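So the structure is just underneath, and the comments pick up after that.
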Amino acid sequence: MAGMAQAPLMYRMIKQGLPPVADRYLRLHVEGLEHVPTTTPAILASNHLSFVDSLMLPLHVTRPVYFLGKADYWDSWRTRWFFSSTGVVPVHRGGGEKGQDSLRTGVDILQRGDLLGIYPEGTRSPDGRLYRGKTGPVRMALEAGVPIVPCAVVGTDRAMPTGTYVPRREPVTVRYAPPLDLSRYREQRDDPFVLRSATDELMYEIMLLSGQEYVDEYASKVKSGAVDLTVEPGASPTRAAEADVATRGPAHDPVELTGDETLSLPETTDADRRGSGRAIG
């Protein structure tokens with residue numbers, strides 16, 4: 001496990017200088033920070049509304065949080081120096097072997113004992129709603145044998161909308177939930193039904209934290225215009241999953257990075273979700 005002293009210099013400078021600015025200017029409010037492991041590896045899985053999410057999500061976490069970034073950022077020195085110096089790890093977007101390379105990179109970060117920040121939607125939300133999650137984060141968690149901490153950022157789309165470079169003075173909230181323990185599914189990590197179900201449970205938890213409306217489509221497809229934005233009002237990941245299995249079957253999607261991405265159950269009761277270790281099922 002790499003401590004803060006081993007983090008890149010720029011990362012440490014941001015962690016030291018940005019919190020008081022964000023707390024005052026953006027009125028940053030943090031809830032549930034105690035749910036983030038202090039010594040053991042885990043995935044921090046969050047919704048994605050703005051470029052600034054990757055700064056706000058780990059800002060008050062006392063350990064380094066590493067993110068996967070598309071390798072295109074390393075093509076220009078203007079972005080290469082920043083991402084390299086802040087601990088972002090380059091991965092190539094796409095499916096197939098490139099997708100497997102991304103998966104292995106994420107697992108390597110976790111197996112060395114670190115925290116990995118990831119956005120299951122795979123890209124920023126085009127309209128503020130929460131979109132269908134890719135199974136990559138669950139696959140990484142099962143392969144590495146680590147829990148997933150559901151997270152949510154609220155208000156960053158107003159504080160720094162896409163295309164802007166100076167944050168607005170809008171309140172931002174970051175929430176962390178108790179970790180989801182997926183260990184019971186580790187021997188089934190190649191089962192597409194298990195991957196899809198566990199991913200939908202994760203998205204349900206993120207939806208509860210963020211208060212967003214859920215859309216049962218991939219955000220990348222919506223951005224490309226490949227799908228209609230029509231969605232049943234009040235739909236949830238768990239209900240959408242039931243309909244999806246009935247009509248299309250579970251998606252065993254690759255870990256894929258497109259656009260601006262930084263890297264993708266059956267309904268449970270509140271008592272189930274609050275049970276020991278937050279086990280699914």
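Miscellaneous remarks
- Extreme residue, nearest to residue 121 (Cα to Cα), among residues of the range 1-59 that are outside any loop (DSSP other than H, G, I, E, B) and among the basic types (Lys, Arg): 15
- Checked across the range 9-22, the condition of being charged (D, E, K, R), within 23 Å of residue 113 (Cβ to Cβ) and out of contact with any Phe, Trp or Tyr (no Cβ under 8 Å at 6 or more places or on another chain) holds for at least one residue.
- The requirement of being closer than 25 Å to residue 147 by Cα and loosely packed, with under 15 Cβ neighbours inside 10 Å is satisfied by residue 3.
- Selection over the range 175-194 of residues that are closer than 20 Å to residue 41 by Cβ and of a type in the set (A, V, I, L, M, F, W, C) gives a count of 3.
- Candidate set from the range 174-187 (those that are within 21 Å of the chain's Cα centre (by Cα) and surrounded by fewer than 19 Cβ atoms within 10 Å (Cβ to Cβ)); member that is farthest from residue 31 (Cα to Cα): 186
- Residues located in the range 28-62, provided they are within 13 Å of residue 110 (Cβ to Cβ) and crowded, with 19+ Cβ neighbours inside 10 Å: 41, 42, 43, 44, 45
- Residues (crowded, with 17+ Cβ neighbours inside 10 Å and either at pLDDT below 85 or of a type in the set (A, V, I, L, M, F, W, C) (or both)) located in the range 210-230: 215, 219, 222
The values are calculated or read from the model by the stated rules, or taken from the named source; none is laboratory data. Computed from a predicted model, the values in this text were never measured in an experiment. Heads up, the Cβs are rebuilt from the backbone with ideal geometry, glycines too, and the neighbour counts pull from every protein chain shown.
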